[in-house]
Structures are given as C-alpha cells and as structure tokens.
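Following: one structure in structure tokens, then a few remarks.
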Amino acid sequence: MRFLALKQSGPSFVHGGVLETPPPLGAAIAINLIVRDTETSPSLPTTTHHWDASLNESWSKYDSAASSTDEDSTYSLLSGDYLQRRNSGTQNWALAISVAVNVILGFGLTLLALRKQSDPALQIYSPVNHLIEYHVTNISTGFMTKTPYMGYPNDEIDQMWEDLYQYGDSAITKEEASRLALPTINERGTDRYLIQLEVFHQLHCLNDIRKAFYPERWPNKWEYNVDGTVNRNTMQFRHWDHCIDILRSTLMCNADVSPVTWRLNLPVGAVLAPNLETTHTCRNFSKIVEWARAHEATDLRQEVTKEERQDIIDNPPFDQTAWEDLSEFWAAFPGNTYFKQWRAGWNETEEGRAFWHQWNIDQAQRHEQLPDFVEPHDH
C-alpha cells in the first residue's frame, strides 16, 4: 500500500530536506512524498541522512498521526525509521514536479500580465508602435473658458494648429513598408516609401473645418452663386464633407468610453448637468510628433513624369485602383481610359448603350445640355 503526505513548511521547497533557495514567485510549498509498499518493495535502503532527526522532530510536533493503520506495515508512517528508507530517486522526482509547477505558474502569470498591458489597436503594424506610451489626464472642453486653440483666429492660433500636423508626410524603409497592412509606393527614383500617420490627417481635416467658420479670414474657401447663395458644388465643399465623415468614422472606431459625470451646474445651480471635464487614458502625442519630425519626407516630389506614370501602370508594384467608387467622375476626365466611358468600343456594347440611354434621360430631367465632348447616341 502507498501513502502520500503533502505538507506546507514555510518559505522553502522541502522534499525530504530543505532547499536553501526559495522557488520562483515566492512560493512557499513543501512537497513531502512518503511511499510505503511492502508488497512490491520487500527491502528498502536504510541509508541514514543527517537531516532525519530534525525533520522527524518538526513533523511530530505538528502531526497527530502516530503511525499507519495498515496491518501489513511494520513502520510508523512519520517515523525516522521510515524516512531512512527513502531513496534519492524519489527525491529527484518530487523536486522535478516542484520546479515544473513553478515554471507553469510563472509562465501563466507572465502571460496574464502581458495580456492586461496589451493594446489591441497596436496589432496592426505601424513603425511608431514601439513608441506608444500612455498617461491619465483630465481634458477640459473649454465650453465656458477657452483653450489656446480656441477663439477668433489670428496668426498665433493658426500656427499652433499648423504645428499639430505639419510633419504629416513620412518616409520609411522598404523593410518597414513590407510590414504594413496595406502596401505603399516609394517616391520615384528613391528608396523612400511614403506613409502618413492617420492622426495628422485627422488634425488637418479638423483645422480645415475650423477655417470654414471664419470666411472673413479665409474668403477664398467660399464660392457663391449668381443669386448670392453659397455654391456647395465645389471641391472645397467636397473636402469638408470628406473631413466631417472621416472624423465621424474615427470617433466611432475609437469609441471613447470615458465616463462624463454629472453635477449641479454651479454657479447657476438650477439644473443637474454633465461635467464636461473628463478623465482619459491618452497616448503621448509628443512621442508621435518626435517620430514624425525625424522621418519627415522633406522635399517630397509627388508629381510623376509621363514615363514614370506609364511605368507604374504597366508594372504596378500592387493594384493602384482606388477603393472608392470613382465612376461618377468620368465626365471630369475626358479621354481618360481609366473610365470605361472613354474606352474604344465600349459605347457600342450592351452595357455602354444602356448607360448612355439612362444618362440622356437624367440630363433631360435636369434641363441640361450634353457636354461638348460627349457624342449623343441614337439608341
């Protein structure tokens, strides 16, 4: 018959003895394995160990059991006689278990700690991910008071806004570019691969919307119809519409869940109202700006020659087609075969005939004439 005794004995691992060095994670576990099998082990070693006496004394002090009730056993379960029968193989086996348990616990706690600290947003590669730091701060909305970015624009305020995103165009290496979720192209004739951090694009959009509120300072952003009404069918209005929607999608994507608390609206004291100063966990914006400064794509040549353009079209490093549906802009690019309306023979296809038939109907309903560059079809 086999007996197993497990005891906790202070800060060290004990297996038939005391280990001088505590195990990892400060665990205080003593595993004492006692085996007695008179049927399979008729004769056991009787090596005497120097620690038997002190260990037996310690056990006898805290254990009420004096001996095994097994009638086949001729040894006391906790006696020195029995401890002398333990062999070194059993000691090594129990020590291995102890080490394995601690390794598993340590590995598990490490994974748990890393999981708590991870930011799922950083799973998408960015060359700035390793610089991301966090801090907790209160953000004032400036509803009754003003932040430095608020108020009627002047040169100082305008410069502060420009400084937020003027490092928007960045150059990275080919190796960094290969790790991006979406491919990017290099500046022609260089090994500079071009990116723009989204935060700078968003700040640029916000600043352009800010300017829309001050037509006195930026009159050229507004165009007017003959009757004096605002012409909203301009590229500037399309840009504002784009900016508003990109900020909408960004706010929904990030979905800030910082609680806005409520209070009595002192000094008026008439209603309960939201306290618009909230506590947020924020990224260190200065670190991101430092990276952008160091990687700014200075003297960037965005224009491409006809030869470079054709080379990209003939040998594209990746699909250059825009994700957006640009088909409605075909009339703005006469002769550009990017649009099927200008491809040879397309007008005579079934798809082309159906398109032109509907297009003529739409134009007639709007009381507009066909553009000079469009040849009306009889069908």
Here the residues within the range 163-182 that are among the polar types (S, T, N, Q) and in a loop (DSSP other than H, G, I, E, B) are Gln166, Thr173, Ser178
Of the residues in the range 177-194 that are more than 19 Å from Tyr125 (Cβ to Cβ) and of a type outside the set (D, E, K, R), the one that is farthest from the chain's Cα centre (by Cα) is Gly189
Scanning the range 337-379 for residues that are modelled with pLDDT of 90 or more and in a loop (DSSP other than H, G, I, E, B), the one least open to solvent (accessible area, probe 1.4 Å) turns out to be Phe339
For Asn138, only one of the following conditions fails: (1) more than 18 Å from Arg293 (Cα to Cα); (2) surrounded by 10 or more Cβ atoms within 10 Å (Cβ to Cβ); (3) touching a residue at least 60 places away in the same chain (Cβ under 8 Å). What is its number? (2)
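The values are calculated or read from the model by the stated rules, or taken from the named source; none is laboratory data. Just so it is clear, the model here is predicted, and its values are computed rather than measured. Please note: Cβ atoms are built from the backbone with ideal geometry, for glycine as well, and neighbour counts cover all protein chains shown. Each accessible area value is taken on the protein alone, full model and side chains, heavy atoms only, with ligands, DNA and RNA left out. Shrake-Rupley method; radii C 1.70, N 1.55, O 1.52, S 1.80 Å.
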